[in-house]
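Notes for the one structure printed next.
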Amino acid sequence: MLVVIDPVARRVDGESVRIAKDVLCAGATTKICLPDGPEEVERALSRRGHRRTVVIGDDLALLRVVGLLHRQRELPGASLAVVPVGPAASVSLVRALGVPTGAVAAARAVLDGSERRLDLLVDDSGGV
């Protein structure tokens, strides 16, 4: 799996990021991406192959990755997971999707959970 760790998550709650990363690395073969900007995320996603992508971060980090995959026309075939890290207000979308909010519980759900398809809303300009 490709684990994309959002820089904001690293600054806001580095301990939860470390815990999630440790759980994921212990349970699966992982490649870690520590991007400093959107260009590095885009490059990592384009090189992920058939790996499942895991976003460690808040709702905005997840939406950025979904938007990139959508623009690359790879979203329908992509498997995407999220480990929410951030204040409660910044992970409300992820909570609404039913993702556990604790780093350990969310990382274990990534490893042991089942895939679930979700619909996507796209605006007239192609934004997600």
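The values are calculated or read from the model by the stated rules, or taken from the named source; none is laboratory data. These numbers were taken from a predicted model, which means no experiment stands behind them. Every residue, glycine among them, receives a Cβ derived from its backbone with ideal geometry; neighbour counts consider all protein chains shown. These accessible areas exclude ligands, DNA and RNA; they are computed on the full protein's heavy atoms, side chains included. Shrake-Rupley method; radii C 1.70, N 1.55, O 1.52, S 1.80 Å.
Among the residues of the range 1-17, the one identified as assigned to a loop (DSSP other than H, G, I, E, B) and either over 15 Å from the mean Cα position of the chain (by Cα) or among the basic types (Lys, Arg) (or both) is Asp13. Taken across the range 33-40, residues that are over 17 Å from Gly113 (Cα atoms), in contact with a strand residue (DSSP E or B) (Cβ under 6 Å, 6 or more places away or on another chain) and part of a loop (DSSP other than H, G, I, E, B) do occur, with at least one present. Ser90 falls short on exactly one of the conditions (1) under 19 Å from Arg11 (Cβ atoms); (2) among the small types (Gly, Ala, Ser); (3) open to solvent by 50 Å² or more (accessible area, probe 1.4 Å), and that condition is (3). I'd like to check something: does the range 94-101 contain any residue that is closer than 18 Å to Val8 by Cα and open to solvent by less than 90 Å² (accessible area, probe 1.4 Å)? The answer is yes; a qualifying residue exists. The residue list Leu75, Leu24, Leu69, Leu45 contains one member that is closer than 17 Å to Leu121 by Cα and in a helix (DSSP H, G or I), which is Leu69.
Candidates are the residues of the range 68-87 that are open to solvent by less than 20 Å² (accessible area, probe 1.4 Å) and among the hydrophobic types (A, V, I, L, M, F, W, C); the one that is modelled with the lowest pLDDT is Ala78. The residues on offer are Arg10, Arg18, and the sole one that is basic (Lys, Arg) and touching a residue at least 24 places away in the same chain (Cβ under 8 Å) is Arg10. Within the range 18-67, restricting attention to residues that are of a type in the set (Ser, Thr, Tyr) and open to solvent by less than 80 Å² (accessible area, probe 1.4 Å), the residue that is farthest from the chain's Cα centre (by Cα) is Ser46. Pairing residues of the range 64-87 that are on the phi > 0 side of the Ramachandran plot with residues that are in a helix (DSSP H, G or I) and open to solvent by 40 Å² or more (accessible area, probe 1.4 Å), at Cβ distances under 6 Å and at least 6 apart in sequence or on separate chains, gives Gly86/Val12. Listed by first and then second residue, the pairs with beta-carbon distance under 7 Å, at least 6 apart or on different chains, first residue in the range 106-128 and on the phi < 0 side of the Ramachandran plot and exposed (fewer than 14 other Cβ atoms within 10 Å of the Cβ), second hydroxyl-bearing (Ser, Thr, Tyr) and at pLDDT 80 or above, are Glu115/Ser79.
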